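Only one structure is covered here, and it is reproduced in the block below.
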Amino acid sequence: MNNLVYIVMDSCRYDAYEKARTPNMDRIAIGEKRYSFASWTSPSHYVLLMGITPHKSPVGVFASEVYKEDFTLWKTRLAVEELSFKSFVPELSLTAKLKKLGYRTSARVSLPVLNPFTTFSTHFDDYKLMSDHNDFAGMVDEIKFDPLKPTFHFFNLGETHYPYMLTKEDVPVLHGVHGVFKHLDDDNDKEDIEFFNQAKLDELKEKQVSCVEHIDKTLGELFRKCPEETWFIITADHGELFGEGGYFGHGPIFHEKVFEVPFLEGVVRGAQP
Ligand SMILES: [Zn+2]
């Protein structure tokens, strides 16, 4: 059975990935444009952890056929015979299925909405909310493979989420947007921050591109630690808006760009760049 490394670049819209230079990701595959099932972190991760990947929006087919085909791909991803949608019943959980197959299941997440007290941690042997929002490097430092059993490593990366690795001095703290929700109920904590102008939004958009490149560099380090039989999936949970339609960010937004995400998968090929 293959090890599985599943990386979700939080909020990374497709064209930010497309513009970024990603020699390490390219060794797996060139990412294609897919669509997330939701416009914000929690519901989107729920779908991903069911074992359903972002969709291609195919026309003229029944939804059930699309799901069926996607679940069948787990045979190739895991190098396990006879996997299908039915194999995931009744839990409909990728983590539960992998555990039943004998995998060690481990997760490192960056966004507090995915903290260990939420249902996302269910069926993981080891689940941790990182103390730093931008710590893919720390996750890679901690990664461990068991020589006796395959491992499922799930990573939710905050680097591509607002504030895109900028410091608090560079951008205002936006509760909720920043991935910090503990002040959301506080009426006395009304945010009196002017909406970003387009020049600032363009600057933030470029910053997200740089964050993808930063992740790609760290990915090289991860490749060095992964056994050969490791299947990678790299995607995003939703996109991000930088002024399109008057929006910034993601969440309560209905706009095509907030659903556009990169998707690539496979094993690592070729020598280190
Ligand atoms: Zn998210």
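Overview of values
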read-out: Tally of residues being assigned to a loop (DSSP other than H, G, I, E, B) and either under 17 Å from residue 235 (Cα atoms) or hydroxyl-bearing (Ser, Thr, Tyr) (or both) across the range 102-133; value: 6
read-out: Residue list for the range 131-146, restricted to those being under 11 Å from residue 159 (Cβ atoms) and crowded, with 18+ Cβ neighbours inside 10 Å; value: 133, 134, 135, 136, 139
read-out: Cross-chain or 6+ apart pairs with Cβ under 9 Å, the range 82-98 first and over 18 Å from residue 4 (Cα atoms) and outside any loop (DSSP other than H, G, I, E, B), then β-branched (Val, Ile, Thr) and modelled with pLDDT of 90 or more; value: 85/72
read-out: The range 5-40, subset of a type in the set (A, V, I, L, M) and either free of Cβ contacts under 8 Å to residues at least 12 places away in the same chain or assigned to a helix (DSSP H, G or I) (or both), residue farthest from the ligand (Cβ to nearest atom); value: 25
read-out: Lone qualifier among 108, 34 - being modelled with pLDDT of 95 or more, of a type outside the set (A, V, I, L, M) and in contact with a Pro (Cβ under 8 Å, 6 or more places away or on another chain); value: 34
read-out: Selected residue (criterion: nearest to residue 148 (Cα to Cα)) from residues of the range 80-118 that are exposed (fewer than 14 other Cβ atoms within 10 Å of the Cβ) and of a type in the set (Gly, Ala, Ser); value: 102
read-out: Output for the range 227-248, where each listed residue is at pLDDT below 95 and small (Gly, Ala, Ser); value: 243, 245, 246
read-out: Filter pass, residue 75 being in contact with an Asp or Glu (Cβ under 7 Å, 6 or more places away or on another chain), more than 16 Å from the ligand (Cβ to nearest atom), modelled with pLDDT of 95 or more and assigned to a helix (DSSP H, G or I); value: yes
read-out: Residue in the range 3-23 that is at pLDDT 95 or above, on the phi > 0 side of the Ramachandran plot and surrounded by fewer than 20 Cβ atoms within 10 Å (Cβ to Cβ) present; value: no
read-out: Yes/no for residue 98 being aliphatic (A, V, I, L, M), closer than 28 Å to residue 217 by Cα and within 21 Å of the chain's Cα centre (by Cα); value: no
read-out: Subset of the range 41-60 that is in contact with a Ser or Thr (Cβ under 9 Å, 6 or more places away or on another chain) and either assigned to a loop (DSSP other than H, G, I, E, B) or under 12 Å from residue 259 (Cα atoms) (or both) - its residue that is farthest from the ligand (Cβ to nearest atom); value: 51
read-out: Inter-residue pairs, beta-carbon under 6 Å, first more than 29 Å from residue 163 (Cα to Cα) and among the polar types (S, T, N, Q) and in the range 99-122, second more than 15 Å from the ligand (Cβ to nearest atom) and in a helix (DSSP H, G or I), 6+ apart; value: 105/95; 105/98; 105/99
read-out: So residue 232, is it more than 16 Å from the ligand (Cβ to nearest atom), in contact (Cβ under 8 Å) with a residue 12 or more places away in the chain and among the aromatic types (Phe, Trp, Tyr); value: yes
read-out: Residues being in contact with a helix residue (DSSP H, G or I) (Cβ under 7 Å, 6 or more places away or on another chain), of a type in the set (Gly, Ala, Ser) and within 14 Å of the ligand (Cβ to nearest atom) - total across the range 235-261; value: 1
read-out: Extreme residue, modelled with the lowest pLDDT, among residues of the range 134-158 that are among the acidic types (Asp, Glu) and part of a loop (DSSP other than H, G, I, E, B); value: 146
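The values are calculated or read from the model by the stated rules, or taken from the named source; none is laboratory data. The structure displayed is predicted, hence computed values, not measured ones. Quick reminder, even Gly has a Cβ in these numbers, built from the backbone with ideal geometry, and neighbours come from all protein chains shown.
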